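The structure appears below as structure tokens.
The values are calculated or read from the model by the stated rules, or taken from the named source; none is laboratory data. Being a predicted model, the structure only gives us computed values, none of them experimental. Cβ placement follows ideal geometry from the backbone for every residue including glycine, while neighbour counts extend to all protein chains displayed.
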Amino acid sequence: MGHVLYVVVCGAGNAASSSGFVKEMINSGWDVCVIASPAALAFIDAEDLAEISGHPVRSKFKDPDAPDLLPPPDVIVVAPATFNTVNKLANGISDTLATAILCEALGKKAPMIMAPWMNCALANHSAYTRSIRTLQGDGVRFVLTEQTMPGAVRDNPDEGFPWATVSEAVRKLQHLDSASEDLSNALDAPQTDVDANDGPRPTA
């Protein structure tokens, strides 16, 4: 596995805290590139993230004749992933740079970790449940919390975004590689959801 990590940030209120995660990943040896959905730009400091990562924060499609500004990704983390982005990816909708990159990465079977963030009303929507199942079938690994599990029964306003669990999911991918295991076979195996409270949990 290479060492280029794309962090795709969507338009949720805790997107601003993505800078701490980016710093942590850089300190762990990753070359981090940040991709922002159009809605995420209202929540993040793009200039600060560009300074931290050493790469421009991309949010728009480049001119077809312009060179690529970022190296290709080896691993992709989508965090926070909104209800909108989860459902778009499951249905192959690539109407923004962020979703286009994710759809292409999914088609290439690139390792992907997705950490949704929404209220429990949206987590209870049947489209979200279907999208989670579809994306798990495509090899996406999810970090889910009590609030963001499909069928969630209550909001937890005191529950912060599970950045620590997302970091652990990235480390597990690194461990698979360092142990010389076949990563693609590992991701094709039955998936587990990582619960921020309880650790790995078998998927239904």
**Request:** Examine the range 54-68 for a residue that is part of a loop (DSSP other than H, G, I, E, B), modelled with pLDDT of 95 or more and farther than 17 Å from Ala98 by Cβ, and state whether such a residue exists.
**Result:** yes
**Criterion: touching a residue at least 12 places away in the same chain (Cβ under 8 Å), of a type in the set (Phe, Trp, Tyr) and farther than 24 Å from Ala169 by Cα - qualifying residue of Phe61, Phe21** = Phe61
**Request:** Report, by residue number, each residue of the range 25-35 that is over 17 Å from Asp45 (Cα atoms) and crowded, with 16+ Cβ neighbours inside 10 Å.
**Result:** Met25, Trp30, Asp31
**Message:** With the requirement that a residue be within 27 Å of Ile93 (Cα to Cα) and part of a helix (DSSP H, G or I), what does the range 22-49 give you?
**Reply:** Val22, Pro38, Ala39, Ala40, Leu41, Ala42, Ala46, Leu49
**Item:** Number of the exception - Val78 against (1) within 10 Å of the chain's Cα centre (by Cα); (2) modelled with pLDDT under 95
**Value:** (2)
**Prompt:** Taking Lys109 and the conditions (1) over 25 Å from Leu41 (Cβ atoms); (2) outside any helix (DSSP H, G or I); (3) out of contact with any Gly (no Cβ under 8 Å at 6 or more places or on another chain), which numbered condition does it fall short on, given that it satisfies the others?
**Reply:** (3)
**Asked** Within the range 126-144, is there a residue that is surrounded by fewer than 22 Cβ atoms within 10 Å (Cβ to Cβ) and at positive phi?
**Response** yes
**Request:** Could you check how many residues of the range 90-110 are touching a residue at least 12 places away in the same chain (Cβ under 8 Å), farther than 11 Å from Ile76 by Cβ and among the aliphatic types (A, V, I, L, M)?
**Result:** 3
**Request:** Quick one: in the range 80-95, of everything that is under 10 Å from Thr134 (Cβ atoms) and among the aliphatic types (A, V, I, L, M), which residue is surrounded by the fewest Cβ atoms within 10 Å (Cβ to Cβ)?
**Result:** Ala90
